[in-house]
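In what follows, a structure is listed as structure tokens, so that the remarks can point back to it.
The values are calculated or read from the model by the stated rules, or taken from the named source; none is laboratory data. Small disclaimer: the values here were computed from a predicted structure and weren't measured. Please note: Cβ atoms are built from the backbone with ideal geometry, for glycine as well, and neighbour counts cover all protein chains shown. Remember, those area values only see protein heavy atoms, side chains included, never the ligands or the DNA or RNA. Shrake-Rupley method; radii C 1.70, N 1.55, O 1.52, S 1.80 Å.
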Amino acid sequence: MADFSGKHGLIVGVANKRSIAWAIARAAAGRGARLALTYQGRFEEHVQELSQGLAEPPLVLPCDVASDADIESVFARVDQEFGGLDFLVHGAAFAPRDELTAPFVNTTREGFRIALDISAYSLIALTRAAAPLMEKRGGGSVLTLTYLGSTRVFPNYNVMGVAKAALEATVRYLAADLGPRNIRVNAISAGPIKTLAAAGIGGFSTILNVYRDRAPLRRNVEAAEVGEAAAFLLSDAGKAITGEVLMVDSGFHVTGM
Ligand code: NAD
């Protein structure tokens, strides 16, 4: 099991106990990492409450990833507290609800802008701010969360699929850019999991059923399993892996029908 003793990580995207980012926080903290967690305004209470459950109390900070000022102040605080950073987890995504129900051809300019800004551009902004802190540690590891809707069509996933395609391309470009500084950038493509974000996708339970029936492992994945895979990629066990999208989906992606 990877040891995170003495490592410091920043985790963006915890909303509640079902959040995949929370499962990753637990996996890293359970291995000895000291964490900072950020929350989006309305989730403050949830995140403060959850953070009490970690062995070492995390730094809990507000951050709207659409705000450069928020990002700047989060990293200033993290640097002040931790004196550097070993890993960053990006688990933020959003598209306006209408974009996840209407026919894709009706995607609005504003809906597209928001989905791509929050779900893909934010990885660039956060990674840019993390890089100097990671250099203080001789390198670091960045991880984001994506979905197979980036390359295949799922009902109602719509503009979020386009945002995930952009996010995965962003992983590759960041990996190439930051590799010489020993900063790795990867994604986990998780199978469907019932979370708050998933609840916004019309017909999500049908997607869960299709995976359970057709994935090679004949079951859905649990957030904790994504947490375990994340711990691998974030730790030194994954130190030769960058620019990768690791499928954690019960093998669903290999199926033809
Ligand atoms: P979630 O709702 O628990 O997490 C989404 C997070 O995004 C929330 O914490 C929310 O606060 C945050 N967020 C949205 N807009 C933000 C903003 N402007 N600033 C800061 N934070 C913002 O749901 P989740 O399923 O755990 O999602 C985490 C990631 O996993 C997302 O990227 C999602 O697309 C991805 N993912 C989810 C599934 C699934 O089936 N649940 C599958 C594959 C990938």
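Observations on the model:
- In plain terms, the C-alpha convex hull of the chain casts an average shadow of 12.9 nm² when viewed from every direction.
- Across q = 0.10, 0.14 Å⁻¹, region 121-239 modelled as identical point scatterers on its alpha-carbon atoms has Debye log10 I(q)/I(0) values of -0.36, -0.67, in the order of the q list.
- Placing unit charges on the Cβ atoms of the charged side chains and taking the dipole of region 8-250 about its Cα centre, the candidate lying farthest along the positive direction among ALA76, PHE87, ILE207 is ILE207.
- On Cα atoms only, tilt of 204-214 relative to the major axis of the chain in degrees: 90
- Dipole-positive endmost among ILE124, ASN156, ALA176 within region 69-178 (Cβ charges, Cα centre): ASN156
- Panel note: the C-alpha atoms of region 204-257, placed on their principal axes, show extents of 36, 23, 18 Å (largest first).
- Choice from LEU100, LEU196, LEU234 showing the highest fluctuation, given a GNM over the chain with Cα pairs closer than 10 Å: LEU196
- Relative contact order of the chain, defined on C-alpha pairs under 8 angstrom at six or more residues apart (%): 20
- Percentage relative contact order, region 101-176, counting C-alpha pairs under 8 Å, at least six apart: 43
- Note on the chain: with charges restricted to the Cβ of Lys and Arg (+1) and Asp and Glu (-1), its dipole about the Cα centre is near 620 debye.
- For the chain, the number of Lys pairs with C-alpha atoms closer than 21 Å, counting only pairs eight or more positions apart or on separate chains, is 5.
- Base-10 log of normalised Debye intensity for region 86-170 (one unit scatterer per alpha-carbon) at q = 0.12, 0.18, 0.20, 0.21 Å⁻¹: -0.39, -0.73, -0.84, -0.90
- Value at 222 nm in deg cm²/dmol, rounded to 500, when DSSP H runs of n ≥ 4 in the chain each add -39,500 (n - 2.57): -12500 deg cm²/dmol
- The accessible surface of the chain, taken with every protein chain in place and a 1.4 Å probe, is 53 percent carbon and sulfur.
- Using a probe of 1.4 angstrom and keeping all protein chains present, the accessible surface of the chain works out to 46 square angstrom per residue.
- Structural size metrics of region 30-129, computed from C-alpha coordinates, are Rg and Dmax of 15.8, 48 Å.
- Highest mobility in the GNM of the chain, judged by mean-square fluctuation with C-alpha springs under 10 Å and restricted to ALA92, ALA198, ALA231, is found for ALA198.
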